[in-house]
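Shown next, in structure tokens, is the structure this report addresses.
The values are calculated or read from the model by the stated rules, or taken from the named source; none is laboratory data. Values in this document were obtained by computation on a predicted structure and should not be read as measured data. Methodologically, a virtual Cβ is constructed for each residue, glycine included, from the backbone with ideal geometry; neighbour enumeration extends over all protein chains shown. Ligands, DNA and RNA are excluded from the accessible area calculation, which covers all protein heavy atoms including side chains. Shrake-Rupley method; radii C 1.70, N 1.55, O 1.52, S 1.80 Å.
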Amino acid sequence: MLRGGQRRKQDEEQQTAPPARFSGSGHTLGSDTTESVTIPDPSAAAPPPRENVTRTLTFWRNGFSVEDGPLMRYDDPANREILQAIENGRAPMSVMNVAPGQPADVSVFKRLDEDYVAPKKKFVPFSGQGQRLGSLTPGESLAAAAAPAAPPAASSAAASQPAGASVNIDSSAPTTSLQIRLGDGTRLISRFNHSHTIGDLYNFVNASSPGSRNRSYVLQTTFPNKELKEMGQTIKDAGLINAVVVQKWSS
């Protein structure tokens with residue numbers, strides 16, 4: 001028989017809820033077509049709402065495109081899951097270029113009687129004057145970097161502009177769309193054949209980002225993180241079909 005004091009103590013122990021064993025945020029498992037999503041800490045303060053964005057999805061006779069991005073062909077097996085997800089109203093975030101939880105308005109245009117034509121690149125000339133923090137080159141003073149320079153000749157200005165990076169695509173072979181997130185926040189999207197190699201990815205990054213030529217870096221997958229260092233390995237063998245690749249500075 002339990003006495004009154006013992007019974008009250010036992011009731012208090014039963015009513016005390018056990019403490020939570022886990023806290024903090026987590027990540028979902030990603031795949032070749034689905035990015036890893038961060039699950040926020042439920043006990044943390046709610047983040048501010050993300051800005052609503054607008055995306056344009058166009059269906060052509062030979063494929064579909066998002067915004068001014070490359071053509072995603074209907075007959076490409078790598079695009080079947082993307083197309084099926086779009087038809088079900090769940091477009092992949094990597095294709096729509098939105099952050100997890102970010103609201104987006106998608107405008108759909110059907111131009112099924114026309115073949116895709118790559119949009120012309122818009123050239124926006126720089127105007128005004130600015131200053132850059134830090135030294136442009138080792139040993140150069142900040143005052144010299146911020147000092148205005150004389151306008152260069154037209155020929156030298158044209159030569160200083162980096163040539164647009166392009167990938168030689170074999171239209172008769174399978175292709176895939178890759179998104180590469182650079183260390184400075186820039187996002188590159190381009191199409192590659194399955195037979196292109198990891199070395200071709202590095203060449204594309206170097207041609208598209210002049211800053212990448214002067215710093216040591218490595219390309220890696222998103223989740224699980226895997227560094228891509230076998231230059232002769234094909235995109236298909238590396239499991240990069242329709243994947244997202246991240247640039248990581250080595251120093």
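In the range 80-98, of all residues being closer than 16 Å to Gln179 by Cα and not in a loop (DSSP other than H, G, I, E, B), the one that is modelled with the highest pLDDT corresponds to Ile82. When restricted to residues that are open to solvent by 40 Å² or more (accessible area, probe 1.4 Å) and over 21 Å from Ala173 (Cα atoms), the range 223-245 contains 7. Scanning the range 181-218 for residues being part of a strand (DSSP E or B) and aromatic (Phe, Trp, Tyr) gives a total of 2. Based on this model, can you work out whether Ala17 counts as modelled with pLDDT under 70 and farther than 30 Å from Ala238 by Cα? So Ala17 fits the description; yes. Would you confirm, using the coordinates I've provided, whether Ser177 is within 29 Å of Leu29 (Cβ to Cβ), within 17 Å of the chain's Cα centre (by Cα) and touching a residue at least 40 places away in the same chain (Cβ under 8 Å)? Criteria met by Ser177. Annotation note: Cβ proximity below 7 Å between a residue of the range 233-251 that is among the basic types (Lys, Arg) and a residue that is buried (at least 17 other Cβ atoms within 10 Å of the Cβ) (sequence gap 6+ or interchain) occurs for Lys236/His194; Lys248/Tyr217. So for the range 58-79 (the condition being over 21 Å from Leu178 (Cα atoms), over 18 Å from the mean Cα position of the chain (by Cα), modelled with pLDDT of 65 or more and open to solvent by 80 Å² or more (accessible area, probe 1.4 Å)), does at least one residue qualify? Taking every residue of the range 58-79 in turn, at least one turns out to be over 21 Å from Leu178 (Cα atoms), over 18 Å from the mean Cα position of the chain (by Cα), modelled with pLDDT of 65 or more and open to solvent by 80 Å² or more (accessible area, probe 1.4 Å). Right, Pro119: touching a Lys or Arg at 6+ places or on another chain (Cβ under 9 Å), surrounded by 10 or more Cβ atoms within 10 Å (Cβ to Cβ), at pLDDT 75 or above and part of a loop (DSSP other than H, G, I, E, B) or not? For Pro119, the condition - touching a Lys or Arg at 6+ places or on another chain (Cβ under 9 Å), surrounded by 10 or more Cβ atoms within 10 Å (Cβ to Cβ), at pLDDT 75 or above and part of a loop (DSSP other than H, G, I, E, B) - is not met.
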